[in-house]
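Participant: Please find one structure pasted underneath; my questions will follow.
Only the coordinates and a few stated rules stand behind these numbers; no lab work does. Since this is a predicted model, take the numbers as computed values, not measurements. Please note: Cβ atoms are built from the backbone with ideal geometry, for glycine as well, and neighbour counts cover all protein chains shown.
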Amino acid sequence: MHLPRQNRRRTALWATAALTVTAGLTASPLPAAVAAAPTPSGTAAVQVDPALTSAVAGSQEATFFVVLKDRADLGKAKGKGPHAAKARAAYQELQDTAQRSQGALKKYLDEQRVGHQDYWIANAVQVTGDAKLIAKLAKRDDVQKIVKAKTYHVDDTQVSAATAATDAGDGTPEWGVQDIEADQVWSQYDARGEGIVIANVDSGVQYDHPDLVANYRGNNGDGTFTDDYNFYDPTGSCATPSTPCDNNGHGTHTMGTMVGKNGIGVAPNAKWMAAKGCESSQCSDEYLLKAGQWILAPTDHNGNNPRPDLAPNIVNNSWGGGDTTFYQDIVEAWNSAGIFEAFAAGNDGDGSTCSTAHAPGSQAPSYGVGAYDVNGKIASFSGFGPSLVDGSAKPNISAPGVNVRSTWPGSQYMAESGTSMATPHVAGAAALLWSAAPSLIGDIDATRALLGQGARDVDDTHCGGTAGMNNVWGEGKLDVLKSVDLAPHTAVSITGRATDQATGAALPGIVVRITDAGGDTRTVTTGPDGSYRLALAPGSYDLAASGYGYANFQLKGLTVAAGQPQTVPLAMTAVPTHAVTGTVLDVTGKPLAGAVVELTGTPVASVVSGKDGSYSLGKVAEGSYTLTVKPAQPVLCNGVFTGPLAVAADVARTVRTPARTDNSGTSCAPAAYSWVKGATKVALSGDEDAKTVTLPFPVTYYGVKYTSAAVTTNGLVDFLEPRIGDYANTALPTAYKPNGVVAPFWDDLTLDKKATVTTATTGTAGHRTFAVVWDNVPLVADSSKRVSFEVLFDEASSAITFQYQNVPGAGSGATVGLENQAGTDALQYSFDQAVLTNGSAIRFTQGAK
């Protein structure tokens with residue numbers, strides 16, 4: 001990628017929004033300032049956000065959300081019983097509602113060549129467009145409102161006098177942990193969050209921090225990690241999308257207060273997972289919506305294969321801002337699924353002024369949290385109610401939030417202040433409460449009531465309310481011990497120790513899963529001495545224990561009776577080991593060197609295939625595993641292979657990598673080279689030019705049919721609009737324009753007298769091929785280098801083929817691949833990688849037709 005000019009940047013009009021708050025993605029009434037678009041007689045007016053109207057003035061474009069009228073009925077989900085059943089029911093209802101109501105709108109947008117991104121949790125469609133498009137959408141009778149896309153921010157923290165502390169401390173509970181009497185719950189009830197899963201929507205988490213790594217749900221207990229379903233980065237900020245990161249520190253700090261070891265966290269034995277809904281300090285609507293969906297239905301790192309049964313029990317949200325109704329749909333969806341949520345009330349208070357709490361923490365459905373200091377005084381920055389959004393009393397409760405020391409990226413520690421720091425105390429307290437009294441799991445109303453009943457009242461009614469519930473403290477200072485004291489104590493303690501059956505040696509890191517009759521599974525991991533503990537409600541359970549090198553331990557029909565604690569020892573049997581070898585082949589069947597071969601989720605060291613594709617994993621314990629083969633970068637058309645591997649004897653396994661695909665199922669593979677000569681010149685000239693050409697037959701691209709497309713000097717075919725000035729190629733996909741592009745060789749190119757761009761049509765009706773040919777085109781960065789390449793569109797199959805006649809530099813500065821219309825999905829063959837060869841062809845077979 002060459003940037004010879006300072007101003008060469010990809011267009012992103014929508015990305016310049018200030019750190020303000022969206023006008024809302026819910027069915028709740030908007031503030032009176034929201035304008036109503038004229039509609040036909042007898043239909044309700046469509047509300048259009050005034051901020052959006054201003055943003056598109058003067059023929060400008062902006063990104064906005066079209067919110068549909070149809071709403072999901074989540075009442076049924078609340079009555080489904082177990083946590084997993086509630087989450088599945090809520091997810092299905094939200095999906096069904098979105099699919100039923102969004103179809104006509106999406107069809108219209110496709111016909112208008114408008115890229116869009118669709119959300120089921122808020123029944124909204126994200127679009128970028130101008131005032132004309134907004135006016136057309138505002139006339140639709142299926143639209144409830146249209147709101148501008150903006151951004152939230154992680155709740156601004158106040159740096160305390162005590163800042164960085166690199167030592168881990170002596171394990172003494174932090175002042176906030178002691179103040180809410182969490183340490184007393186540990187000692188009096190022997191509950192530390194066992195079997196409960198906490199998540200945060202924040203800036204990410206340093207997963208391998210010494211005080212967090214043991215509790216990460218993706219920690220397999222044997223030195224390996226499984227990040228799918230346990231961490232999600234829709235922002236693309238992490239260097240490796242599937243590996244947790246934190247480029248801000250905020251998320252690591254809040255997670256430490258919830259589950260950190262050595263006195264840092266309130267619930268140090270709870271498991272954690274995380275959604276990086278914030279790019280860094282700011283959190284865009286798009287990513288918060290994706291994070292909100294993922295919390296209810298976790299997916300793999302690509303956002304595929306949702307598993308609502310793996311939703312967390314609790315989610316912390318230390319971010320917000322403004323006085324709007326945004327995120328209310330998401331909060332209500334979480335609550336219907338039995339997911340307890342806590343939100344920071346905001347740091348815009350001044351110690352006296354009322355109505356300074358901000359959304360989402362100031363919304364009625366949210367559980368908002370204020371902050372106080374070590375002396376028991378309300379923090380000067382803590383946001384007060386009543387809510388400017390809906391008039392509700394806020395905050396709901398207050399917790400320690402001044403000079404709170406917690407985990408920080410770099411395996412360090414930091415003391416900070418803010419309602420951001422208070423909120424995870426509440427989330428952790430909910431985990432303690434549910435761990436000690438598991439009959440409360442998923443019961444949001446009862447949990448809120450107990451937290452309020454246990455809170456220490458503070459009489460400050462200058463913003464309204466009573467001593468028991470006011471707009472400064474909420475229901476008072478959090479006291480989780482009193483809440484646990486008041487909880488129903490029907491749980492029975494199940495304890496045990498995992499040992500090697502032959503030697504009696506303690507086995508740490510054994511994963512113990514206990515599943516009830518409703519299908520809910522609670523998980524604990526054995527400690528350094530092999531011990532485990534879990535409090536269970538009376539009933540029947542199935543217990544399973546697993547660990548690498550040992551046969552799975554199973555106990556069916558474990559009966560737990562009221563008042564009868566049990567000890568269930570886990571005597572684990574070691575299994576034999578066998579040699580595992582094989583060969584890796586590429587997508588064409590040739591030996592593939594440099595591929596990483598691993599047994600996912602085991603301590604078996606990964607290996608790299610040799611020049612002949614061979615590999616050896618050495619001795620592997622008997623068992624059933626997942627074999628993963630990852631081609632070396634650049635991956636080109638070789639996809640990642642994942643498949644079962646049963647080891648009962650020596651194994652020799654040949655693996656052929658599949659064709660790499662994008663999320664829509666489009667794949668690529670090497671093809672036979674057969675150059676098509678151009679016939680009709682496209683009227684392009686100079687640097688930065690684009691012309692629209694008529695297609696000889698309708699071309700289907702990511703499921704949408706087109707009869708024309710723009711051809712640019714920079715090696716692009718753009719189905720949405722001509723783009724001029726796109727000097728700098730980028731990796732795909734990206735939300736920045738241009739979107740909906742075919743990129744056979746996207747680089748900074750120019751046309752001189754020796755260069756041409758032509759088209760040609762070959763074949764007979766029904767079986768035609770349309771070619772766009774760039775011939776002898778110089779690179780701007782080095783005009784001595786000229787490239788000749790083409791893209792072929794096949795009428796019968798909708799396949800798209802790239803061919804390369806002459807590519808000096810082998811594509812080292814180019815982007816090669818396909819991107820969808822919304823910039824959310826792509827099959828990128830290469831980005832600034834020298835992988836193209838003269839006389840080669842790449843065929844893309846589309847999955848969405």
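Participant: What spacing in nm lies between the two simple spin-label points modelled at Ser352 and Asp96, each 7 Å away from Cα in the Cβ direction?
Facilitator: 5.6 nm
Participant: To continue, here is another question. What FRET efficiency do you get for Thr764 and Ala652 if R0 is 45 Å and r is their Cβ-Cβ distance, rounded to the nearest 0.05?
Facilitator: Numbers: r = 49 Å, r/R0 = 1.09.
Using R0 = 45 Å, I get an efficiency of 0.35.
Participant: Now a separate question. Please report, ordered by residue number, every helix of the chain (full DSSP H runs) that is 24 Å or longer along its axis going by C-alpha atoms and whose mean Kyte-Doolittle hydropathy reaches 0.0. Don't skip to the answer; put the middle values down first.
Facilitator: Values: long enough: 83-111 (41 Å, -1.12); 419-436 (26 Å, 0.86).
Within the chain the helices that satisfy the rule are 419-436.
Participant: Work out how far the C-alpha atoms of segment 577-656 reach from end to end along every principal axis, then list the three figures in whole Å, largest first.
Facilitator: Computed over the Cα atoms, the extents are 34, 21, 17 Å.
Participant: Cα to Cα, under 19 Å, and not fewer than 8 places away if on the same chain: which aspartates and glutamates meet these conditions relative to Lys76?
Facilitator: Counting by Cα, and skipping residues close in sequence, Lys76 has these aspartates and glutamates nearby: Glu93, Asp96, Asp309, Asp329, Glu332, Asp443, Asp445, Asp520.
Participant: Cα-Cα over 19 Å: which of Lys590/Lys677; Lys590/Lys630; Lys753/Lys785; Lys106/Lys691? Intermediate results must be reported in sequence, preceding the final value.
Facilitator: Working: Lys590/Lys677 31 Å; Lys590/Lys630 15 Å; Lys753/Lys785 15 Å; Lys106/Lys691 27 Å.
Flagged as over cut-off: Lys590/Lys677; Lys106/Lys691.
Participant: Still on this structure: Pairs of alpha-carbon atoms within less than 8 angstrom and 6+ residues apart define the contacts here; what relative contact order does segment 655-761 have, in percent?
Facilitator: Details: 167 pairs, mean separation 31.3, N = 107.
Over segment 655-761, the number comes to 29 percent.
Participant: Additional query: What area, in nm² and to one decimal, does the C-alpha convex hull of segment 635-760 cast on average over all directions?
Facilitator: Working: hull surface 44.1 nm².
Computing the convex hull of the Cα atoms and averaging its projections yields 11.0 nm².
Participant: Among Trp272, Ser788, Ala429, whose Cα sits farthest toward the positive end of the charge dipole of the chain (+1 at Cβ of Lys/Arg, -1 at Cβ of Asp/Glu, about the Cα centre)?
Facilitator: Of the candidates, Ser788 comes out farthest on the positive side.
Participant: Something else about it: On a 25 Å Cα-Cα criterion, which of the cross-link pairs Lys69/Lys150; Lys148/Lys737; Lys136/Lys705; Lys78/Lys107 come out too long? Show your work: numbers first, answer last.
Facilitator: On the way: Lys69/Lys150 21 Å; Lys148/Lys737 18 Å; Lys136/Lys705 21 Å; Lys78/Lys107 33 Å.
Flagged as over cut-off: Lys78/Lys107.
Participant: Something else about it: Using only the alpha carbons of segment 754-849, what is the convex hull's orientation-averaged projected area in square nanometres?
Facilitator: The orientation-averaged projected area of the Cα hull of segment 754-849 comes to 7.0 nm².
Participant: In addition: Over what distance in Å are the Cα centres of segment 412-465 and segment 591-635 separated?
Facilitator: The distance from the Cα centre of segment 412-465 to that of segment 591-635 comes to 46 Å.
Participant: Something else: Straight-line reach from Lys482: which lysines have Cα under 24 Å away, leaving out those fewer than 8 places along the same chain?
Facilitator: Lys261, Lys271, Lys377, Lys394
Participant: Here are several values of Kirkwood radius over Cα pairs in Å: [x] 33.7; [y] 29.0; [z] 35.3. Which one was derived from the coordinates shown?
Facilitator: It is the value labelled [y].
Participant: Moving to a separate point now. Please flag any cysteine in the chain that has no other cysteine's Cβ under 4.7 angstrom from its own Cβ.
Facilitator: That list is empty.
Participant: In nm, to one decimal, how far is the Lys69 label point from the Asp445 one, both placed 7 Å along Cα→Cβ?
Facilitator: It is 3.0 nm.
Participant: Follow-up question, since we're still on this one. Using the charge dipole of segment 685-769 (Lys, Arg: +1 at Cβ; Asp, Glu: -1 at Cβ; taken about the Cα centre), state which of Thr713, Pro738, Ala760 has its Cα farthest towards the positive end.
Facilitator: Ala760
Participant: What spacing in nm lies between the two simple spin-label points modelled at Lys611 and Trp675, each 7 Å away from Cα in the Cβ direction?
Facilitator: The answer from the label model is 3.2 nm.
Participant: Between Thr700 and Asn552, what's the calculated FRET efficiency when r is the beta-carbon distance and R0 is 30 Å? Round to 0.05.
Facilitator: On the way: r = 48 Å, r/R0 = 1.60.
So the FRET efficiency works out to roughly 0.05.
Participant: Sticking with this one: How charged is the neighbourhood of Asp373? Take every other residue with its Cβ under 14 Å from the Cβ of Asp373, and add Lys/Arg as +1 and Asp/Glu as -1. Write down the numbers at each step before the final one.
Facilitator: Values: positive: Lys377, Arg405, Lys477; negative: Glu174, Asp179, Glu416.
Net charge around Asp373: 0.
Participant: Run the numbers on the chain and let me know its relative contact order in percent, using alpha-carbon pairs under 8 Å that are six or more apart. Provide the component values of the computation, followed by the final result.
Facilitator: Values: 2433 pairs, mean separation 88.1, N = 849.
Once divided by the residue count of the chain, the mean separation gives 10 percent.
Participant: Hey, another quick one. Can you find, among Thr577, Pro808, Ser203, the residue farthest towards the positive end of the dipole of the chain? Put +1 on the C-beta of Lys and Arg, -1 on that of Asp and Glu.
Facilitator: Ranked along the dipole, the leading option is Pro808.
Participant: Still on this structure, I have one more. Do you know the relative contact order of segment 505-574, to the nearest whole percent, from alpha carbon pairs under 8 angstrom that are 6+ apart? Working shown, then result.
Facilitator: On the way: 122 pairs, mean separation 19.1, N = 70.
In percent, rounded to a whole number, it is 27.
Participant: Any idea what the dipole of segment 667-845 comes to, in debye rounded to 20, about its Cα centre with Lys/Arg Cβ at +1 and Asp/Glu Cβ at -1?
Facilitator: Values: 12 positive and 17 negative charges, 99 e Å.
Result for segment 667-845 is approximately 480 debye, rounded to the nearest 20.
Participant: Among Leu695, Leu818, which comes first, second and so on when ranked by fewest other beta-carbon atoms within 10 Å?
Facilitator: Working: Leu695 18, Leu818 28.
Final ranking by Cβ density, sparse to dense: Leu695, Leu818.
Participant: At most 16 other Cβ atoms within 10 Å and a DSSP loop assignment: could you name the GluC sites (Glu not before Pro) in segment 750-825 that fit?
Facilitator: Numbers: sites: Glu790, Glu795, Glu819; in loops: Glu795.
Qualifying residues, ordered by number: none.
Participant: Moving to a separate point now. Going by Cα centres, segment 66-90 and segment 806-849 are how many Å apart?
Facilitator: A separation of 41 Å, based on Cα centres.
Participant: Expressed in nm to one decimal, what extension gain is obtained for the pair Val596 and Lys107 from 0.36 nm per residue of sequence separation less their Cα-Cα distance? Please report the intermediate quantities before stating the final value.
Facilitator: On the way: separation 489, 0.36 × 489 = 176.04 nm, distance 4.23 nm.
Here the answer is 171.8 nm.
Participant: Here's something else I'd like to know. Would you mind working out the magnitude of the charge dipole of the chain relative to its Cα centre, with +1 at each Lys and Arg C-beta and -1 at each Asp and Glu C-beta, to the nearest 20 Debye?
Facilitator: Numbers: 61 positive and 80 negative charges, 490 e Å.
Using Cβ point charges on Lys, Arg, Asp and Glu, the chain gives about 2360 debye.
Participant: Given the C-alpha atoms of segment 379-489, compute the convex hull and give its volume per residue in Å³.
Facilitator: Details: hull volume 13.8 nm³, N = 111.
With only Cα atoms used, segment 379-489 gives 124 Å³ per residue.
Participant: Same structure again: Could you please rank Thr128, Thr581, placing first whichever residue has the fewest other Cβ atoms within 10 Å of its Cβ?
Facilitator: Values: Thr128 23, Thr581 16.
The order, fewest Cβ neighbours first, is Thr581, Thr128.
Participant: Efficiency by 1/(1 + (r/R0)^6): what FRET value for Asp457 and Ala683, r their Cβ-Cβ distance, R0 = 51 Å, to the nearest 0.05?
Facilitator: Calculated transfer efficiency: 0.05.
Participant: Could I ask something else about it? Assign unit charges at the C-beta atoms only (+1 for Lys and Arg, -1 for Asp and Glu), then state the dipole size of segment 577-656 relative to its Cα centre in Debye, rounded to the nearest 20.
Facilitator: Numbers: 6 positive and 5 negative charges, 32 e Å.
It comes to approximately 160 debye.
Participant: If each residue's Cβ is checked for other Cβ atoms within 10 Å, how do Leu440, Leu288, Leu432 rank with the fewest at the top?
Facilitator: Working: Leu440 21, Leu288 25, Leu432 29.
Sorted ascending by nearby Cβ count, the order is Leu440, Leu288, Leu432.
Participant: Determine the distance separating the Cα centre of segment 287-342 from the Cα centre of segment 654-715; give it in Å without decimals.
Facilitator: 38 Å
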